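The values are calculated or read from the model by the stated rules, or taken from the named source; none is laboratory data. Remember, it's a predicted structure, so these values are computed and weren't measured experimentally. Note that we place each Cβ from the backbone using ideal geometry, even for glycine, and neighbour counts take in every protein chain shown. Surface accessibility is based on the protein's heavy atoms, side chains included, excluding ligands, DNA and RNA. Shrake-Rupley method; radii C 1.70, N 1.55, O 1.52, S 1.80 Å.
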Amino acid sequence: MEITPGLGIDLVKIGDRRPQVEDRIGPPHHGPGGRRAVYTTSPMLVITYAADETVELVEIRYSGEGGDTEVNFDGVQLTHRFLDDVVADLHALGYTSTPSDIGHDFHAGFSVWSMHSLWARDLDPEADEDDERAVSETVSVAPYAYFTKG
């Protein structure tokens, strides 16, 4: 699944109204009518809605299946890889970011991050139990200002 920084993905764009989203992808599995709604798509989507019921943030979770079921941008697989490798690949392409407590917020309008629900051995069977490399688990898409608001 390819992201469009600052805008979303083909199925869901920043500014879409909740009824439009649910017409396209169905009702949420968790959080119907709430600010955050979880949809059973592959990969899984978590949509944050503003008070006016428009999309303000699109989160895409890793699938663990590879290929088109992972999140991609500009030829880089963003999910289900080591976070440091993802950031290095994006920086090599000229994209800039600021670190956050759980990942990196890219000025182009997206964030890659890890809540450490996966560990290094999930990607590298040879990894030591003490290997602290973070796995990129989720990509959030919104205008960069969304990630910097306090």
Which of Val135, Ser42, Phe147 sits farthest toward the positive end of the charge dipole of the chain, with +1 on the Cβ of Lys and Arg and -1 on the Cβ of Asp and Glu? Phe147
Peptides 94-103, 57-66: what's the order by average Cβ count within 10 Å, highest mean first? 57-66, 94-103
How far apart, in nanometres, would the label points at Thr98 and Arg133 be if each is projected 7 angstrom from Cα along the Cα-to-Cβ direction? 2.8 nm
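What number, in percent, do you get for the relative contact order of the chain if the mean sequence gap of Cα pairs under 8 Å and at least 6 apart is divided by its residue count?
Result for the chain is 23 percent.
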For the chain, one quarter of the surface area of the C-alpha convex hull, expressed in nm², comes to 9.0 nm²
The distance between the Cα centres of the stretch 80-124 and the stretch 1-38, in whole Å, is 23 Å
When the accessible area of the chain is split by element with a 1.4 Å probe, what percent falls to carbon and sulfur? 50 percent
Contour minus Cα-Cα distance for Asn72 and Thr148 (0.36 nm per residue): 25.1 nm
Given a 1.4 angstrom probe, what's the average accessible area per residue across the chain, in square angstrom? 51 Å²
Cα lying deepest toward the dipole's positive end in the chain, options Pro28, His80, His91, charges on Cβ: Pro28
Residue separation times 0.36 nm, minus the C-alpha to C-alpha distance between Arg24 and Arg36: what's the value? 2.6 nm
Got a sec to turn the phi values of the stretch 31-46 into Karplus ³J(HN,Hα) couplings, 6.51 cos²θ - 1.76 cosθ + 1.60 with θ = phi - 60°, whole Hz, x for Gly and Pro? x, x, x, x, 5, 10, 10, 9, 10, 8, 9, 10, x, 5, 10, 10
To the nearest 10 degrees, the tilt of helix 83-92 (Cα long axis) against the first principal axis of the alpha carbons of the chain is 80 degrees
How high is the relative contact order of the stretch 1-83, given as a whole-number percent (alpha carbon pairs under 8 Å, six or more residues apart)? 26 percent
